[in-house]
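For reference, the structure discussed in these notes is given below.
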Amino acid sequence: MKKFLQPILGLFVCAFMVVPFMGVNAVEPVEVDNADDLYKYLEDNVTTSVKLTKDIETTHKINVTSDKVIDGNGHKITYVGTFKGGEKDNTVWGSDAEAPYNGGVYVIQAYDANVTVKNITLTGGNVGLSANGANLTLEGTINVSGNGFGGIELTKGAAPTLSVPSLTINNATIVNTTETKDLPTLWTDNLSPEEVESMNIEYNGVKVAVTCDKENGKPLQVQLFLDENNLPTGDNYVELDASDYRPAVEEPTTPETPKDENNDVKDEVENPKTSDGIMIAVSALAVSAVIAVIAKKKLA
């Protein structure tokens, strides 16, 4: 019996010694290279981070209804389905024939969730990207060229649980080569004037460029135009200087080293994505210790 237990004890002792040195890393993103996997991971409620490894074509709007990080990794998602009535023209507003629904065709719609999108091209739909009652953050280069009605829409549907959407453009560059005076790169829709005024829209730390009352009786909108030649004019528009939403790049400064008073300064920031790994490591330590004690008693 002792001969049988000795190697087992040795294995658990090794495990006990190794576990403390295991690296605890944040959850790695799920890599996708095809439409089926893209739907699977973006539309579930489990996956938290997705990374594209190649360009992907989709035949329906992709709904993201849980907190996600979507890293395009420099690739693009192209809508290649049809629009209302089976039309292939993305200036025809309406759902595609394969997966009909109310509203337009958004390549990606963030719905009632916290969604970060970075380094991606979204093209071919009525709209490239929508935040429907969602908190949307953009990072890296976001290309929304080639959509029939414009690039990014911020809206709130009829569901009573939906909140006013928010947008943070965080050290990002938005690209839209198909912007026109009638097709802004970004706009709000289906929001009351009070909701529009309460919205948080920041482009690299400052408020978005233009608010406008398109027509008498029409809801107030926030619009963003990348090309100053497309900026609206007239009494119904309030225009901010371009420098307000494209601030000059400041030279980085060396932060001061914080003073360590009485050595009681500690890091209280926890990375939620590493907590599971820490718990696993601690559990493994505890189990290894218990088994080692039992095995030692058996050998005695």
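The values are calculated or read from the model by the stated rules, or taken from the named source; none is laboratory data. The shown structure was predicted, so the numbers you read here are calculated from the model rather than taken from an experiment. A quick note on method: Cβ atoms are made from the backbone with ideal geometry, for glycine too, and the neighbour counts reach across all protein chains shown.
Observations, loosely collected:
- Test: residue in the stretch 110-132 that is within 19 Å of Val164 (Cα to Cα), hydrophobic (A, V, I, L, M, F, W, C) and surrounded by fewer than 21 Cβ atoms within 10 Å (Cβ to Cβ): yes
- Residue list for the stretch 81-91, restricted to those being exposed (fewer than 15 other Cβ atoms within 10 Å of the Cβ) and touching a residue at least 24 places away in the same chain (Cβ under 8 Å): Asp89, Thr91
- Residue match in the stretch 202-220 (condition: assigned to a strand (DSSP E or B) and modelled with pLDDT of 85 or more): no
- Residue that is in contact (Cβ under 8 Å) with a residue 40 or more places away in the chain and within 15 Å of Asn90 (Cβ to Cβ), where the choices are Gly128, Gly148: Gly148
- Yes/no for Tyr111 being of a type in the set (Phe, Trp, Tyr) and over 19 Å from Thr177 (Cα atoms): yes
- For the stretch 148-188, filtering for residues that are crowded, with 18+ Cβ neighbours inside 10 Å and among the acidic types (Asp, Glu) leaves 2.
- Restricted to the stretch 158-175, and to residues there that are within 13 Å of the chain's Cα centre (by Cα) and among the hydrophobic types (A, V, I, L, M, F, W, C), the residue that is farthest from Ser192 (Cα to Cα) is Ala172.
- Residues of the stretch 66-89 satisfying the condition of being among the polar types (S, T, N, Q), at pLDDT 95 or above and on the phi < 0 side of the Ramachandran plot: Ser66, Thr78
- The conditions of being surrounded by fewer than 24 Cβ atoms within 10 Å (Cβ to Cβ), out of contact with any helix residue (DSSP H, G or I) (no Cβ under 8 Å at 6 or more places or on another chain) and at pLDDT below 95 are met by Gly103.
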